[in-house]
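**Student:** The structure under discussion is supplied below as structure tokens; questions concerning it will follow.
The values are calculated or read from the model by the stated rules, or taken from the named source; none is laboratory data. In this text the structure is predicted, and so the values were computed from the model without any measurement. Here the Cβ positions follow ideal geometry from the backbone for every residue, glycine too, while neighbour counts run over all protein chains shown.
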């Protein structure tokens with residue numbers, strides 16, 4: 001499996017069309033039989049879980065077989081293979097800036113809307129190079145305040161961590177269905193943050209003990225390609 005994550009930034013005067021795209025772009029993705037899984041996502045401010053929506057930035061994620069995502073020569077040709085013609089044409093029409101990651105899932109656990117979104121994955125692998133990480137969760141309504149009171153401290157800790165390169169908060173619902181996508185110099189750097197930075201390690205323990213989530217997923221990827229505008 002390969003996953004394609006594209007971040008789309010609209011000009012402020014086109015925010016209405018960004019919102020409209022969240023409805024219109026579902027149909028071509030749903031009709032595309034090559035797409036195994038897809039999500040149209042909003043983005044938060046601050047680079048991680050956030051209740052404050054960034055109305056100019058949005059994201060689209062698709063998962064396809066590797067064989068469907070070969071033979072491309074640049075970002076534009078990858079966009080056509082992953083999203084068809086209509087969606088990239090929409091982005092060009094409104095002068096959007098895009099950043100795209102081509103990702104190979106290597107290990108993980110959990111589910112997204114009850115599905116193994118990235119196929120059957122081992123919990124651990126031998127890969128130790130640069131990684132991207134997707135952490136997503138459906139937060140229980142009764143645990144929402146407990147979750148949000150810990151977010152800022154963990155976010156600040158992540159941005160200061162050795163090996164941290166980039167992160168963005170994405171989600172389907174800014175209060176209950178949230179995800180963070182982050183990129184790290186190596187898997188070891190990411191593990192040092194995840195398990196040894198005190199605030200994050202403390203939150204991991206609390207999420208399990210207090211059962212903050214009704215569903216969660218944690219997936220690590222090898223970054224095959226990354227194109228910025």
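**Student:** (1) in contact (Cβ under 8 Å) with a residue 24 or more places away in the chain; (2) under 19 Å from the mean Cα position of the chain (by Cα); (3) farther than 30 Å from residue 160 by Cβ: which one isn't true of residue 7, the others all being true?
**Tutor:** Looking at each condition in turn, residue 7 falls short on (3).
**Student:** Related question: Consider residue 60 against the criteria (1) free of Cβ contacts under 8 Å to residues at least 60 places away in the same chain; (2) within 15 Å of residue 40 (Cβ to Cβ); (3) more than 19 Å from the chain's Cα centre (by Cα): it satisfies all of them except one. Which criterion is unmet?
**Tutor:** (3)
**Student:** For region 37-47, check the following and say yes or no: at least one residue is over 20 Å from residue 223 (Cβ atoms), more than 15 Å from the chain's Cα centre (by Cα) and outside the structural domain of residue 177 (by TED's automatic domain parsing).
**Tutor:** Taking every residue of region 37-47 in turn, none turns out to be over 20 Å from residue 223 (Cβ atoms), more than 15 Å from the chain's Cα centre (by Cα) and outside the structural domain of residue 177 (by TED's automatic domain parsing).
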